[in-house]
Amino acid sequence: MFLSIISVQGQTPKKLNSAEIDQALKKLNFLGSVLYIAAHPDDENTRLISYLSNEINARTGYLSITRGDGGQNLIGPELKELLGVIRTQELLAARRIDGGEQRFTRAIDFGYTKTPEESMKIWDKEVVLGDVVWAIRTFKPDVIINRFNHRTSGETHGQHTASALLSVEAFKLAQDKNSYPEQLNYTEAFSPTRLYFNTSPWFYGSQEAFDKADKSNFIQFDTGIYFPWNGLSNPEIAALSRSQHRSQGFGSSGSRGSQIEYVELIDGEIPETKGDLFAGIDTSWNRIDGGAAIGKILNEVEENYNFRDPSESLPKLIEAYKLINKLEDEYWKTLKISEIKEIILACSGIYLEALSNNPYSTPNQFIEVNLEAINRSDIPVELSSVTVLPGSPSATPNRVLSNNENWREKLIYTIPKDAKYTSPYWLNKNPNLGTYVVEDPKMIGLPETPRLTKAIFNLKFYGETIPFEKELVYKSTDPVKGEVYQPFEIVPPVSASFNDKVLIYTNGAAKQIQLTVTAQKENAKGKVRLKAPTSWKIEPKESNFDIQNNGALRILYSL
């Protein structure tokens, strides 16, 4: 199956302002993580996710068991797999707003079910349970929070309860090396510290019943706080995030003022301090070997940060980068290297870009790649080289980037012959009854297919060379929208589609159908045959096509 995920508009490059850099420094200095688990896109509590990410500064993920394939669609005709693609992108848009990260299992949302037992049977429990274990082992959350109550089978949507039951079971299995041992070829067993249930009066039927409930095992905190660094309250951020679920009609208005959230301890260590999810968990750099020295440097950076000139922090940030790069703990090393590199770029005002002259191409075809680098600070930065991957075309300017002077160069890049088409990885194989089939175990749970076509900019700060990745994108200027970015796509040389998605034959009479053959390369030639039962008469039996330039050809058939 080929399903293109060509986007009309991609994401404008992220450019942190001075206040956002300060917030990123706080997150860099916090080594704790939370994984929120529920069944579908739009099940997540965006208010709590935003609070954990932006106030606590924890790495916060949302594990949606499904991609929402069984929901409705208020914005278009797409349903099932295509709707799952749309809702995946809606979740990613939501996470870009509330600061969380997104994960999935291979489970298919097959619609409403009353019991978790039915959900588990259709999904193939062992497969989906393994995916939840995989998510815990790879995300490594100190704290897990369930959206739904695992003790209320039959009282709500069965997939909701199933998500909680899977979480409760996976909480124990993730630390057991005998459980899903094949995963340990790629990751390690991991033991989360605590498991919570994000409860509320809704789960008790009324506010009165909730008020009478035993709350000795509860933690409560006010998520209605205000963030001066971006001028929004936490509920306002949560509303913007939730409003990204457009296909489900979940547009939400922001609010202000106190809003209390409750979590009930389900399993794990009882926190020593009430009101603190991370009580007793070391969330400083001291939690890892070699981290103390890094924490000392970064605390100085945070305390002495100059909002008017963030570049003053660069010498210390480069010093911390060197130490992080030497860490033996691969999990924290990988995570924090990514974070500090983004901060280094932002503090220096450096802008890097790799643009294709076309929004798409086919394997074994060449494109022009336009590279740009500019340093908007007085810090001496040398651009050593730029390499486009996969492949090896490169530029080696070996020049110092002076303040506010552009460096530009054009490379001719050939798409590898074996390059894979841009497509949602979970749809590349026919699914089972309740789960998608994913051949590469390292891909399981990723929100979308990683884009492999990118440019590596090697920049030298104070003698230290740091590689920065930039995905290849296409940029155009729309007369209405202005600057518009699209992700670069790799597409088949030729594709075919029916103009009518469904035809109904009721009386045996022949019907005409129209097929459109589209070429994404010049001089595309070939033949088209329709597959049908042998008893069907198709005219013509075979059609030749010869498309000289990129374009489309329409062919009429009589069946």
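No value in this document is a laboratory result; all are computed from the given coordinates. Bear in mind that the values here come from a model prediction, so they are computed numbers and not experimental data. Cβ coordinates were reconstructed from backbone atoms using ideal geometry, including for glycine residues, and neighbour counts include every protein chain displayed.
Exposure proxy ranking for Tyr474, Tyr204, Tyr186, based on other Cβ atoms within 10 angstrom of each Cβ and starting from the fewest, stands as Tyr186, Tyr204, Tyr474.
Close amide-amide hydrogen proximity is noted between Phe227 and Leu232, Ser233, Asn234, each under 5 Å apart and 5 or more residues distant or on a separate chain (H modeled in the peptide plane; Pro and chain starts excluded). Sequence gap at least 6, Cα distance under 8 Å: using those rules, report the relative contact order of the range 250-375 to the nearest whole percent. Result for the range 250-375 is 15 percent.
The mean sequence separation of alpha-carbon pairs under 8 Å and at least six residues apart, normalised by the residue count of the range 112-172, gives a relative contact order of 54 percent.
Counting other Cβ atoms within 10 Å as a rough exposure proxy, the listed residues Leu503, Leu352, Leu165, Leu298 run Leu503, Leu352, Leu165, Leu298 from fewest neighbours to most. The string of couplings for the range 225-238 from the Karplus curve (6.51, -1.76, 1.60, θ = phi - 60°) is 6, 10, 10, x, 5, 10, x, 10, 7, 4, x, 5, 4, 4 Hz, one whole number per residue in order, with x for Gly and Pro.
Rounded, prolate or oblate: pick one for the range 115-173, where a ≥ b ≥ c are the square roots of the eigenvalues of its C-alpha gyration tensor, a/c under 1.5 means rounded, and failing that, prolate if a/b is larger than b/c, else oblate. Note, shape of the range 115-173 comes out oblate. Here the contact order of the chain, divided by its residue count and restricted to Cα pairs under 8 Å and six or more residues apart, works out to 14 percent. Ranking Trp536, Gln512, Gly551 by Cα position along the charge dipole of the range 494-558, where only Lys, Arg, Asp and Glu carry charges on their C-beta atoms, puts Trp536 farthest toward the positive end. Its alpha carbons give the range 32-272 an Rg and a Dmax of 17.4, 52 Å. Each of Ser338, Pro447, Gly391 was scored by the projection of its Cα onto the charge dipole of the range 338-462, and the greatest displacement toward the positive side belongs to Gly391; charges sit on the C-beta of Lys, Arg, Asp and Glu. Stretching the chain fully between Thr534 and Leu92 yields a gain of 154.5 nm (0.36 nm per residue, less the alpha carbon separation). DSSP assigns beta bridges within the chain; of those with both partners inside it, close to 75 percent run antiparallel.
Considering only Pro467, Pro492, Ser348, the residue lying farthest towards the positive end of the dipole of the chain is Pro492, judged by Cα position with unit charges set on Cβ. Checking the Cα-Cα distances for Lys80/Lys121; Lys15/Lys475; Lys417/Lys527; Lys442/Lys470; Lys177/Lys322 against a 27 Å cut-off, the pairs over it are Lys177/Lys322.
In this structure the amide hydrogen of Ile350, modeled in the peptide plane, comes within under 5 Å of the amide hydrogens of Arg376, none closer than 5 places in sequence on its chain. When shorter helices are ignored and each DSSP H run of at least 4 residues is given -39500 (n - 2.57), the per-residue value for the chain at 222 nm works out to -7500 deg cm²/dmol. Residues Met120, Met443 in ascending order of nearby Cβ atoms (within 10 Å, fewest first): Met443, Met120. Only aspartates and glutamates eight or more places from Lys531 in sequence, or on another chain, were considered; those with a Cα closer than 14 Å are Glu539, Glu542.
Put simply, when 264-273, 287-296, 99-108, 241-250 are sorted by average Cβ atoms within 10 angstrom per residue, most first, you get 99-108, 241-250, 287-296, 264-273. Using the reciprocal of the averaged 1/r over all distinct C-alpha pairs, how large is the Kirkwood radius of the range 202-312 in Å? After inverting the pairwise mean of 1/r, the radius is 18.3 Å. When the C-alpha to C-alpha distance is required to be over 22 Å, the pairs from Lys140/Lys296; Lys316/Lys460; Lys316/Lys341; Lys27/Lys140; Lys333/Lys410 that qualify are Lys140/Lys296; Lys333/Lys410. For the range 295-390, the list of chymotrypsin sites (Phe, Trp or Tyr not before Pro) that fall in a loop by DSSP and count at most 12 other C-beta atoms within 10 angstrom reads Phe307.
The computed Kirkwood radius over Cα pairs in Å for the structure shown corresponds, within (1) 24.6; (2) 26.3; (3) 23.7, to (2). Most tightly packed first, judged by the mean number of other beta-carbon atoms within 10 Å of their residues, the peptides 177-183, 90-96, 131-137 read 131-137, 90-96, 177-183.
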